[in-house]
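Engineer: Got a structure for you, written out below as structure tokens; questions coming shortly.
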Amino acid sequence: MQVERVTLIIAEGGVFRLYEGKERGGTGEAPFEGIALLISILGVEKRPLSRAMVERREADEADREVLNSFFDHLGAVLVIPLPAREGLAGLIALGQKKSGELFIDEDLELLTTMANQAATAIENARSY
């Protein structure tokens, strides 16, 4: 699946670390206000969240602005949670498909499966 950008955000000791590809250059901390709200939503819904879903979501305007700002900061149109035994291990933020097509159900199923496997690998590595 060819996408414009991928950002991996991993929970490390109470801080969410941001890992981006070579083009954007490395690591950093995720914007706290946006990540806290996003983590709480993903923790409840336990499924991918798209920018379009944020727009349709019944939430107050301030929360919608925070989420849109977070998506803008990451250049993302889709966020996939990395579910852990206790909360979330992190998330994967994806940009637009290079083809310009939308993400379809099959894409979401594949990405969710990959996210579950990645979360298991992260938990196993931490246990080791």
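The values are calculated or read from the model by the stated rules, or taken from the named source; none is laboratory data. Quick caveat: nothing in here was measured; it's all calculated off a predicted structure. Quick reminder, even Gly has a Cβ in these numbers, built from the backbone with ideal geometry, and neighbours come from all protein chains shown. Quick note on the areas: whole protein, heavy atoms, side chains included, nothing else; ligands and nucleic acids left out. Shrake-Rupley method; radii C 1.70, N 1.55, O 1.52, S 1.80 Å.
Engineer: In terms of modelled amide H atoms, which long-range or inter-chain residues lie less than 5 Å from the amide H of residue 78?
Structural biologist: Distant-sequence amide H within range of residue 78: 51, 94.
Engineer: Next up: Can you compute the charge dipole magnitude of the chain about its Cα centre, using +1 on each Lys and Arg Cβ and -1 on each Asp and Glu Cβ, nothing else charged? Give it in debye, rounded to the nearest 20. Write down the numbers at each step before the final one.
Structural biologist: On the way: 14 positive and 21 negative charges, 79 e Å.
Approximately 380 debye in magnitude.
Engineer: Turning to a different aspect of this structure: Assuming R0 = 25 Å, can you tell me the calculated FRET efficiency for the pair residue 112 and residue 15, based on Cβ-Cβ distance, to the nearest 0.05?
Structural biologist: Numbers: r = 25 Å, r/R0 = 1.00.
The value I calculate is 0.50.
Engineer: Report the paramagnetic label zone for residue 45: residues of the range 84-104 whose backbone N is under 14 Å from a point 7 Å from Cα along the Cα-to-Cβ axis.
Structural biologist: 92-94, by backbone N distance to the label point.
Engineer: Between 89, 76, 52, find the one with the highest GNM mean-square fluctuation for the chain; connect C-alpha pairs within less than 10 Å.
Structural biologist: Its mean-square fluctuation being the largest, the pick is 52.
Engineer: Can you run phi through the Karplus equation (6.51, -1.76, 1.60; θ = phi - 60°) for the range 85-101 and list ³J(HN,Hα) in whole Hz, with x for Gly and Pro?
Structural biologist: Going residue by residue, I get 4, 10, x, 10, 7, x, 7, 10, 10, 10, x, 4, 5, 4, 6, x, 6 Hz, with x marking Gly and Pro.
Engineer: For the chain, what is the mean residue ellipticity at 222 nm derived from helices alone (per DSSP H run of n ≥ 4: -39500 (n - 2.57); sum divided by total residues; nearest 500 deg cm²/dmol)?
Structural biologist: On the way: 4 runs with 57 residues, N = 128.
Dividing the helical sum by the residues of the chain leaves -14500 deg cm²/dmol.
Engineer: Here is a follow-up. What helices does the chain have that are whole DSSP H segments, at least 30 Å long along their own axis by Cα, and with mean Kyte-Doolittle hydropathy of -1.0 or more? Please report the intermediate quantities before stating the final value.
Structural biologist: Numbers: long enough: 105-127 (33 Å, -0.37).
Within the chain the helices that satisfy the rule are 105-127.
Engineer: Next question. Would you please give the residues with an amide H less than 5 Å from that of residue 89, counting only those at least 5 places away or on a separate chain, with H modeled from the backbone geometry?
Structural biologist: Long-range HN contacts for residue 89: 82, 84.
Engineer: Just read off the accessible area of residue 123 with the full protein assembly in place, 1.4 Å probe, to the nearest 10 Å².
Structural biologist: That residue has around 40 Å² of solvent-accessible surface.
Engineer: Leaving ligands and nucleic acids out of the surface, order 41, 92 by accessible area at 1.4 Å, largest first. Write down the numbers at each step before the final one.
Structural biologist: Working: 41 15, 92 35 Å².
Largest to smallest exposure gives the sequence 92, 41.
Engineer: Per residue, what volume in Å³ does the convex hull of the Cα atoms of the chain enclose?
Structural biologist: Working: hull volume 14.3 nm³, N = 128.
Spread over its residues, the Cα hull of the chain gives 111 Å³ apiece.
Engineer: For the chain, with a Gaussian network of springs between Cα atoms less than 10 Å apart, report the residue from 100, 87, 43 with the top mean-square fluctuation.
Structural biologist: Top of the fluctuation ranking is 100.
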